[in-house]
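Enquirer: To start, I am sharing the structure in question, which I have written as C-alpha cells.
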Amino acid sequence: MTVKHPDRRVRKTKEVLKSSFLTLLQEKSFNHISITELVQLADCTRATFYTHYEQKEDLLDEMIEDKFEEMTAAYRKPYVGLSVVDFNELPSASIELFDHFIENRTFYKTMLDPQTGYNYREKLTKRMDRLFRQEFDFRVTEPDTPIDTKLFSTYRIHGIIGLILEWIDSGFEQSTAYMNEQLIQILKFNTPQIFIRQQNGKSR
C-alpha cells in the first residue's frame, strides 16, 4: 500500500494543476498565464510545479497528450478485434468518438478558441489525420474505378475531421446519438450527382 500512495499523490497534484490551467485558459491567452497565478489557483507551491514540469508548455503538452490518448481509445472502441468494418452492420451506438468530445467539451471548446493563443486546431487535425490513416485502409472496392486511393483517403479522412470540428464549433448542437448515426450514413453514401444552388433564378 505504501508504494501506491506517492503515485496517487502525484496524479492528484497533476490533475489539480491541469484543471487550474484549463480554468485560466478560459480567462486569458496561453502567453499571459504565469506560473505564479497557476500555482496560486492550484493551491500549491512553485516548487511543486517544478517538481513535475520545467515550464508551462510541458504541462499543456501533457494535457493535450492525455486527451489524444483518450480520443484514440474512444475511436478504436467499435472495431477492437475486427479486420473489416461493415457500415451496414455497425450499430451507431457502438461509436464512442463523439461521446469523448462531449465529455471533454470544456477542454476542446477552450483549446479551439482562437483567444487561447495556441494553434490547437492544427495539432488536433494533424493527430486525427495520422490516427485515421494508421487505423483505416480506405479501399476503393468498385472494379475498374480510376480513383487515386491516396486522394480518396484524404477526402474521406478530412471530411470526418471537418465534421467533428464543425460540430464542436457549433457548441455540440446535435446529440452524440445523432452524430453517430449521421457519420455511418455519410460513410455509406454515394453521390454521383450534385445540384447547383439557384440564386435569383439563375445558376451561380
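Enquirer: Rounded to the nearest 10 degrees, what's the angle between the helix 120-135 long axis and the longest principal axis of the chain, both from Cα atoms, 0 to 90?
Expert: 60 degrees
Enquirer: In Å and from the alpha-carbon atoms only, list the Rg and Dmax of the stretch 29-113.
Expert: For the stretch 29-113, the Cα-based Rg and Dmax read 18.2, 56 Å.
Enquirer: Roll a 1.4 Å probe over the protein chains and send me the accessible area per residue for the chain in Å².
Expert: Accessible surface, normalised per residue, equals 66 Å².
Enquirer: So how do His52, His32, His158 rank on accessible area, 1.4 Å probe, biggest first, that is with the largest at the start?
Expert: Values: His52 55, His32 135, His158 80 Å².
Descending order: His32, His158, His52.
Enquirer: Can you compute the helix-only [θ] at 222 nm over the chain? Use -39500 (n - 2.57) per DSSP H run of at least 4 residues, normalise by all residues, nearest 500 deg cm²/dmol. Intermediate values should be presented prior to the final figure.
Expert: Numbers: 9 runs with 123 residues, N = 204.
Roughly -19500 deg cm²/dmol at 222 nm, from the helical runs in the chain.
Enquirer: On to the next question. Within the stretch 173-192, list the residues whose amide N lies under 20 Å from a label point set 7 Å along Cα→Cβ of Leu151.
Expert: Hits in the stretch 173-192 for Leu151 at 20 Å: 190-192.
Enquirer: Could you tell me how many degrees, from 0 to 90 and to the nearest 10, lie between the Cα long axis of helix 176-188 and the main elongation axis, the longest principal axis, of the Cα atoms of the chain?
Expert: Approximately 40 degrees, to the nearest 10.
Enquirer: Using bins 5 angstrom wide from zero, how does P(r) for the chain break down, in % of all Cα pairs?
Expert: 1, 6, 12, 15, 15, 13, 11, 10, 7, 5, 3, 2, 1, 0, 0, 0
Enquirer: In addition: Cα centroid distance between the stretch 90-149 and the stretch 14-80, in Å?
Expert: Centre-to-centre (Cα) distance: 22 Å.
Enquirer: Now a separate question. Of all the accessible heavy-atom surface of the chain, with the other protein chains kept in place and a 1.4 Å probe, what percent is carbon and sulfur? Can you show the working numbers first?
Expert: Values: 6700 of 13480 Å².
So the carbon and sulfur contribution to the accessible surface is 50 percent.
The values are calculated or read from the model by the stated rules, or taken from the named source; none is laboratory data. Because the structure is a prediction, the values reported are computed rather than measured. Note: ideal-geometry Cβ built from the backbone for every residue, glycine included; neighbour counts use all protein chains shown. Protein only, heavy atoms only, side chains kept; ligands, DNA and RNA dropped before computing areas. Shrake-Rupley method; radii C 1.70, N 1.55, O 1.52, S 1.80 Å.
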